[in-house]
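To keep things clear, I will list the structure first and then write my remarks on it.
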Amino acid sequence: MLLFPRLFRICKAVAITMRGFILYLLSASSVAVLSTLLLHVRDTGETRLKLESSSEKVWPELEFGWRVVVATVIGFVGSACGTVGGVGGGGIFVPMLTLIVGFDTKSAAALSKCMIMAASISSFWYNLRVRHPTKEVPIIDYNLALLFQPVLMLGITVGVALSVVFPYWLITVLIIILFLGTSSRSFYKGIQMWKEETIVKKETARQQEEGPVNSRGELLVDTAHEPLIPREEKSEMQIVRLNLKWKMMVLLLLVWASFLLLQVFKNCVAVCSIWYWVLFCLQFPIAVALFGFEAVKLYREDKKRISTGNMDGRICEATIHWTAGHIAFCALCGLLGGCVGGLLGSGGGFILGPLLLEIGVIPQVSSVTATFVMMFSSSLSVVEFYLLKRFPIPYALYLMSVSTLAGFWGQYLVRKLITILGRVSIIVFILSGVIFVSALTMGVAGIEKSIVMIHKHEFMGFLNFCSSQ
């Protein structure tokens, strides 16, 4: 009976945190957008012409040198940490490709998607052989993946459109606001987990010192950490079969294929034509229908569990109650994560990773699930960018090979470290660190480009979508 008050307190604390986070985003973002509107009023025709000349495609040659070496090291570390944290690493890759290697912003965003896709596929392949830490269920939460994938992909297409309209300095400010909020919240979550792990480790050490019998001669059994019935050993192939849910995979691939076809057809028609907007708007009912299907399933299952008093038979890993408010919040965060992915050139994990932790998913599962969802969203963008010829193939293949190795070894080394230290909170600190470093690097790149634009008297307000394509 004590479980229900505890769950109520957890849900209440999560709701308060979510409200505060939304208030922070809305207030800070509103100030940034209003500033852009003021600059938009002061626009002149001359500045628009100067803007067009500053968006030329820049593709450096792939030649061995200090730039390639530094990019390789940063790409390896960023991909390894990004896949472990479940955030991808686009906030590190884009500034690295523009400031160090010398690519233009659009090409850097496309190459960043290639790196995230390669690291995600490698990480997915590795995690297929990893067991769930506490249950006999897949380590990938397919229900949450199916819930977030449609709105995430819809957000990416909206984010790509907004990247055409929004000035670069505004994109930088909005991303810094968002990243500082999510990184600080994730860091606070990591500290809480670290303290809880410390208490558990001290209690375990104390019981080991006392032995199986206490001072009163009573037998002690540590049921929390040493179960009476040990888990059955499974072969690698059995774990792979458990982690692969083919019906869910087919559904996710169908969602991916439907969005891909819409993007391909949309790129075949004239920008801002009637068919262009028809195909663009078709994405909304598809995303809403797919999200609604999974959301209704979670809502009904949660309502059924509450009515029967069964709090253990959850359909997914999240510990929150699937109320209409929480479902709407998850839809908003998924859409926001996709928009950030489209604006930045990331896979949307900067929002999805912290969100999964916030709704109660354990770090091991949240990291794997977020990376799994990014595999679909980033690959969709890579196919689209390839058709648009947005990135050089040699550089893409080289950086993808680096990210593939990083995704595998990052997962391997961090899981070994977790086993040695006995602290899962390492994943949360890596997630927070990657987001914070991304905020810093995006800030440096954005400030540098904004200063150049100011010196050249370039346009700093909103752009016209149709004429800027």
With a cut-off of at most 13 other beta carbons within 10 Å, and DSSP calling the residue loop, which trypsin sites (Lys or Arg not before Pro) in segment 341-417 qualify? Please list them. K389
Per the rule of 0.36 nm per residue minus the C-alpha distance, extending W409 to R241 adds in nm 58.2 nm
Which of the peptides 419-425, 353-359 is most tightly packed, and how do the rest follow, judged by the mean count of other Cβ atoms within 10 Å per residue? 353-359, 419-425
Give K106/K389; K106/K449; K234/K297; K247/K304; K57/K389; K245/K416 a once-over and call out the pairs whose C-alpha atoms are over 20 Å from each other. K234/K297; K247/K304; K245/K416
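Taken together, the values in this text are just the output of simple stated rules run on the coordinates, not laboratory data. Everything quoted here is computed from the prediction, not taken from an experiment. Note that each Cβ is placed from the backbone with ideal geometry, even for glycine, and that neighbours are counted across all protein chains shown.
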